[in-house]
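Trainee: Okay, handing you the structure first.
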């Protein structure tokens, strides 16, 4: 089991910190879309860039860069992965 | 139309997989672009001759991430692949294009397609990018895992096409159905069994495709509203609900179920299929560091935009002049060959002047298409969106709306077509609705004529030309109006979140000249086709309106005044007087409905000056300045001139744009809505200005 302090929202994750995706608080259709883009539970994720003025986040999932709006990232839980947890 | 005996092969793949390069490489120039009936999705078809199978027809499907139909593109892909599109025969085989350097994600779509149980072939593209990013893909291993043939390719360098043709030929000679890569565990297959059986019984799926199809229906919240399943809504609804409830009870999250199963399978095969030697992403990351930087990124964007516009207005000028001269010569020729009379007038004043007036913009439009293609093909669009998303979303626009809106400064036609890159239908519609408010190049002749007539050539503070200031103000007003209306539409008519959730930032790629020219030509051809049909028709209509009924020589009124257009101007006068416009301005407005710059030549006809060169308007301006009202004061006062310009800032006065909006939105109602809101706003603004000016004595 993960302890509470390792679970946070994706938009709170620091740049370069390895983590794994958890549950999403999004509508079923949105959850399906995100999962199809490769954002499934347990997938390693890294925030590669935070744009200024509250703009989108740039993340790397499955070797691919995605841009994600903050208000979406806020609804995705992540778990900090132990070091060395980058890409599978 | 479609020759049924020719085998059809569908080409499918993710966006950015190089699908179009492969399609173009296979079919060469033997291509045809049309639209899928009822939707705005472009249908690309091409012919190909294989040594054994002979002629086949290749269909390039829109690039999608998933087979689950939510957007129009996905709907088309889904329907064609499933053999549900009534206009297209069931594909004999499916060619799936994968980016070899991006297998982690691209295998998802491939695995979905394999679940359809149709003969399938994989083109494993971008093997060069694989090598560059330090990935080693074992093609034979991948083929074994997928259960179908895999052809490694680097389509951008023309590598692998022979092998692909041979493989396709062999597949068509002995078509073996593919099999789903994922076997459903009992905990899922159980709840799905009833739905799968029902699908088979209703002929909605084959024995091979039923489990995968059932899974997709369960995972997609709105699946039963799809046209294909709607008739079966009642019998299926409770089965679907039941299955979802069972899955939920088993602790499974049904919306993500299919993706989780397929990605789990991908993760399980990848270690065998690929070795990572190093992770070399540094190049793209370094570029992104600058191009999405809040300061340097904006600076880079400004440079790109200025260069683009400089080039468009610079490079397009000579060919635009040639086209104008060409049509001038053509008109002269017709005058010589065809005896004077109505036929001659129809040809010269109607057809040649009308179509020529629109075609004159073709060089600008082609260049715009070219620049848009470069920006899109290189992967820069996604970076612009990233950079501007926050700012633009405040106004209800998507970050990707920037290029369409900016292009509209030259011409709304390519701008509106460029809005296709916005995947969310609502975001795209808002962009299309406000794009024509940007100051397109057809507005300039109108502004230049009027500003030159009514605005004195004084310098403000000794250095700022007043005329330039007024013109700048008009451009700014267009931008502000676009922002305000976009915001308004988002808050009212097209409410709801902008649902583009995650946007791919594809690796940067150097665009290939052939691809760029291809895109430019294809889009321009589409515009030309419209110019040859609808715009031609409108030109003839405008000619009829301005020529008939035949003038009565005994009357003092000019022929234009007696024409239908003149009568229309008169009829409209009650609506125009409160704006400070008279029936003559009304005629110019009615006639410039075909294209805004026609205003200038109409004013020339009405006021009797012969304007042959719209760049030399001095003659007409003198005429206009001398025009007196009933009290003997100058008719074209500064405020009246400004009010006409204000009308042109907002009003929808462009048939070409309306034709394109009809095409791109697929609905006449949006064309009418756009016309109504733009022209309505123009009328209200001009009314307010003219009425408020009276008590202030500014008229």
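Computed from the coordinates by the stated procedures, all read-outs in this text should not be read as laboratory data. Remember, it's a predicted structure, so these values are computed and weren't measured experimentally. As a convention, Cβ positions derive from the backbone with ideal geometry for all residues, glycine included, and neighbour counts pool all protein chains shown.
Trainee: Using alpha carbons only, how many degrees (0 to 90, rounded to 10) separate the axis of helix B:186-201 from the longest principal axis of chain B?
Mentor: The answer is roughly 60 degrees.
Trainee: Does chain A classify as rounded, prolate or oblate by the C-alpha gyration tensor (a ≥ b ≥ c root eigenvalues; a/c under 1.5 gives rounded; else a/b over b/c gives prolate, otherwise oblate)?
Mentor: Note, shape of chain A comes out rounded.
Trainee: Another question, if that's okay. Just to confirm the number: angle between the C-alpha axis of helix B:638-650 and the first principal axis of chain B, 0 to 90 degrees, nearest 10?
Mentor: In chain B, helix B:638-650 runs at an angle near 20 degrees to the longest axis.
Trainee: Beta carbons within 10 angstrom, averaged per residue: use that to sort the peptides B:126-134, B:688-696, A:36-44, B:592-600, highest first.
Mentor: Going from most to least packed, we get B:592-600, A:36-44, B:126-134, B:688-696.
Trainee: According to the square roots a ≥ b ≥ c of the eigenvalues of the Cα gyration tensor, what is the shape class of segment B:532-696, taking rounded for a/c under 1.5, prolate for a/b larger than b/c otherwise, and oblate for the remainder?
Mentor: Oblate is the answer for segment B:532-696, as a/c is 1.5 or above yet b/c matches or exceeds a/b.
Trainee: Considering only DSSP beta bridges where both residues belong to segment B:8-173, give the percentage that are antiparallel (nearest 5).
Mentor: Working: 13 of 32 bridges.
Roughly 40 percent of the beta bridges in segment B:8-173 run antiparallel, per DSSP.
Trainee: Taking a ≥ b ≥ c as the square roots of the Cα gyration tensor eigenvalues, with a/c under 1.5 meaning rounded and otherwise prolate when a/b beats b/c, else oblate, which class fits the protein assembly as shown? List each step's numbers first, then the result.
Mentor: Working: a/c = 2.18, a/b = 1.80, b/c = 1.21.
Verdict is prolate for the protein assembly as shown.
Trainee: Could you line up A:75, B:398, B:5 from fewest to most neighbouring Cβ atoms inside 10 Å?
Mentor: B:5, A:75, B:398
Trainee: To the nearest whole number, what is the average tally of beta carbon atoms from other chains within 10 Å of the beta carbons of peptide B:213-226? Mind showing how you got there, number by number?
Mentor: Working: counts 0, 0, 0, 1, 0, 0, 6, 4, 6, 2, 0, 0, 0, 0.
Partner Cβ neighbours, averaged per residue: 1.
Trainee: Report for chain B the percent antiparallel among DSSP-assigned beta bridges with both residues inside it, nearest 5.
Mentor: 50 percent
Trainee: On average, how many beta carbons from a partner chain sit within 10 Å of the beta carbon of a residue in B:378-387?
Mentor: Taking the mean over all residues of the peptide, I get 2.
Trainee: With no solvent and one equal point scatterer placed on each C-alpha of segment B:632-699, evaluate the Debye formula and give log10 I(q)/I(0) for q = 0.13, 0.16, 0.22 Å⁻¹, two decimals.
Mentor: Listed by q, the Debye log ratios stand at -0.48, -0.62, -0.87.
Trainee: In the protein assembly as shown, what % of DSSP beta bridges are antiparallel (nearest 5)?
Mentor: Working: 42 of 62 bridges.
Percentage antiparallel, nearest 5: 70.
Trainee: Which order do B:539, B:441 fall in if you start with the one that has the fewest other Cβ atoms within 10 Å?
Mentor: Values: B:539 26, B:441 18.
Starting with the residue having the fewest Cβ neighbours, the order is B:441, B:539.
Trainee: For a footprinting-style exposure proxy, rank B:461, B:635, B:564 by other Cβ within 10 Å, fewest first. Intermediate results must be reported in sequence, preceding the final value.
Mentor: Numbers: B:461 5, B:635 19, B:564 15.
Lowest to highest Cβ neighbour count: B:461, B:564, B:635.
Trainee: Here's something else I'd like to know. So what's the angle, to the nearest 10 degrees on a 0 to 90 scale, between helix B:380-394 and the longest Cα principal axis of chain B?
Mentor: 70 degrees
Trainee: What's the Cα-based Rg to Rh of chain B, Rh via Kirkwood?
Mentor: Numbers: Rg = 29.5 Å, Rh = 28.5 Å.
Using Cα coordinates only, the ratio equals 1.04.
Trainee: Find the relative contact order for chain B and round it to a whole percent, using C-alpha pairs within less than 8 Å whose residues are 6+ positions apart.
Mentor: That works out to 9 percent.
Trainee: Between residue B:250 and residue B:157, what is the label-to-label distance in nm when each label sits 7 Å out along the Cα-to-Cβ direction?
Mentor: 4.7 nm
Trainee: Right, next: Within 10 Å of each Cβ in A:40-48, how many Cβ atoms from other chains are there, averaged over the peptide?
Mentor: Per residue, the number of nearby Cβ atoms from other chains is 3 on average.
Trainee: Suppose each label sits 7 Å from its Cα in the direction of the beta carbon; what would the residue B:139-residue B:626 distance come out to in nanometres?
Mentor: In this crude label model, residue B:139 to residue B:626 measures out at 7.9 nm.
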